[in-house]
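The values are calculated or read from the model by the stated rules, or taken from the named source; none is laboratory data. Predicted model only: the values in this text are computed from it and were never measured. Here the Cβ positions follow ideal geometry from the backbone for every residue, glycine too, while neighbour counts run over all protein chains shown. When the accessible area is computed, the model is the full protein with side chains, heavy atoms only, and any ligands, DNA or RNA have been set aside. Shrake-Rupley method; radii C 1.70, N 1.55, O 1.52, S 1.80 Å.
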Amino acid sequence: MDNSRSFALMVATAVGERLDLPVTVVASLAEAREALAETDRYFLVLTGLVLADAEPGAILDFFAAAGVPTVVVSGNYDQATREEILARPVVDCVLKNTPGNIDYLVWLAQRLDRNRRIGALVVDDSPSARKLAASLLRMYGFRVVEAGTGEEALRAIAADTSVRLLISDYELPGIDGLELIRRLRATHARDRLSIIGISGSGSPSLLAQFLKHGANDFLHKPYSREEFFCRVSQNVDNLDLIGTLQDLATRDFLTGLPNRRHFFDRGMQMFEAERCGLAAGMIDIDHFKHINDSYGHDAGDVAIKAVADRVARHARVQDLPSRFGGEEFAVLVPGLSGDAARAHFERLRADVEAMAIPLGDGRSIRLTISIGVCTTGGDLSAMLAEADRRLYLAKAGGRNRVEPRAGVLTAVA
């Protein structure tokens with residue numbers, strides 16, 4: 001919401017195009033009131049303070065009452081005005097004429113959008129201090145859990161796997177903040193849980209103790225809202241960055257499935273845990289060269305992605321699907337053997353055969369897959385080699401089939 005339509009449209013275009021988020025542009029508080037009354041889908045407001053139908057205080061009061069996180073974007077204000085704005089429940093204040101302001105607003109929108117899928121835990125035996133930190137995190141979009149002791153915190157972490165951010169005071173009844181962090185780091189690595197220690201103690205060594213026990217960051221009480229937001233955002237951004245790097249290292253760029261390297265790393269662990277109940281399937285797209293020759297290599301990529309999507313959808317939570325290379329996929333399926341394993345892959349084969357894959361130019365293609373299945377072997381490599389041999393038999397037997405077929409599932413010698 002802004003009185004400058006050109007600036008508002010510039011921000012809306014940047015957020016919409018870069019983040020693929022729907023944006024509504026309004027020029028008055030009356031229009032904002034109508035928009036909020038129509039739907040509850042808004043998670044962020046970017047607003048100016050100069051409007052024809054409302055004073056700055058009324059604007060901020062309205063959005064505070066609506067419970068929508070708000071960022072003030074203004075052309076000019078002094079330090080006193082800035083402090084007055086930040087005394088209200090707003091996420092941040094941004095000057096229009098600062099370099100990179102559009103980029104910063106896009107980052108803010110992205111950060112608050114992602115925060116909605118992140119759980120945060122605040123641990124503090126002071127109800128007022130805990131309420132302050134929790135209220136700030138909720139304003140930034142996090143789903144917040146609170147705990148008054150270290151023992152409560154450990155139970156909360158165990159019960160809620162969405163918690164990726166922990167803010168813990170040092171002085172806690174029972175186990176203190178340092179011991180809490182030490183115990184958590186035994187089960188939660190830095191790429192899984194970001195921890196910020198806080199304390200009102202003046203001890204110069206406390207910061208170092210927190211960091212040595214496994215904290216990512218530290219805040220001294222009392223902290224400003226801006227410092228709190230910057231520290232929290234920086235730590236959660238680091239989690240996102242680590243996750244992106246891990247995905248680049250472990251996922252196939254075209255399909256998003258685990259890549260061959262990750263398949264073997266994770267597959268070895270699954271083999272050791274599921275020796276007596278693990279099936280391996282090797283999957284290959286039939287006549288793939290014909291698809292490339294007839295429709296072009298772009299169509300070949302579309303076909304690979306379509307099959308990968310079906311493989312991913314067909315996989316259960318405990319399964320390990322992967323793109324093994326080219327038009328070939330490998331899947332490990334724990335807990336199934338014999339005819340149950342064959343039937344599992346048969347359903348995938350039939351699902352792929354039923355697809356009509358659109359090419360985006362009005363044409364579509366149909367394809368089939370062949371699958372070789374193995375349920376026993378001395379090690380993972382032996383299982384995959386046997387599954388690959390059976391894939392060859394499926395190809396030689398006419399394609400579009402699972403080998404071994406129903407009733408002839410045999411063990412590896």
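Observations on the model:
- With the simple spin-label model, which puts each label point 7 Å out from Cα in the Cβ direction, the residue 78 to residue 5 separation comes to 3.4 nm.
- Length available on full extension from residue 151 to residue 234: 0.36 nm per residue minus the Cα-Cα distance, which gives 27.1 nm.
- Fraction of accessible area attributable to carbon and sulfur, region 41-184 (%, probe 1.4 Å): 52
- Principal axis analysis of the Cα atoms in region 288-413 yields extents of 48, 32, 25 Å, listed in decreasing size.
- Per residue, the accessible area of region 83-191 comes to 45 Å² when a 1.4 Å probe rolls over the protein heavy atoms.
- Cα pair distances exceeding 17 angstrom across region 227-334, given as percent: 61
- Solvent exposure of region 306-353 amounts to 38 Å² per residue of accessible area, where only protein heavy atoms count and the probe is 1.4 Å.
- By the Cα gyration tensor, region 1-131 has an equivalent ellipsoid whose semi-axes, rounded to whole angstrom, run 24, 19, 16 from largest to smallest.
- Ordering 376, 141, 119 by Cα displacement along the dipole of the chain toward the positive end leaves 376 in first place; charges were set at the Cβ atoms of Lys, Arg (+1) and Asp, Glu (-1).
- Accessible surface, 1.4 Å probe, highest first, among residues 176, 53, 252: 53, 176, 252
- DSSP H segments from the chain that extend 15 Å or more along their own axis, Cα-based, with Kyte-Doolittle mean of -0.5 or above: 5-19, 56-66, 101-115, 127-139, 225-250, 297-314, 380-396
- Separation of alpha-carbon centers, region 294-351 and region 1-30, rounded to whole Å: 42
- Which of 297, 195, 174, positive extreme of dipole for region 174-304 (C-beta unit charges): 174
- Tail fraction, Cα-Cα pairs, the chain, threshold 38 Å, whole percent: 44
- The slack between residue 104 and residue 33, meaning 0.36 nm per residue of separation minus the straight C-alpha distance, is 23.0 nm.
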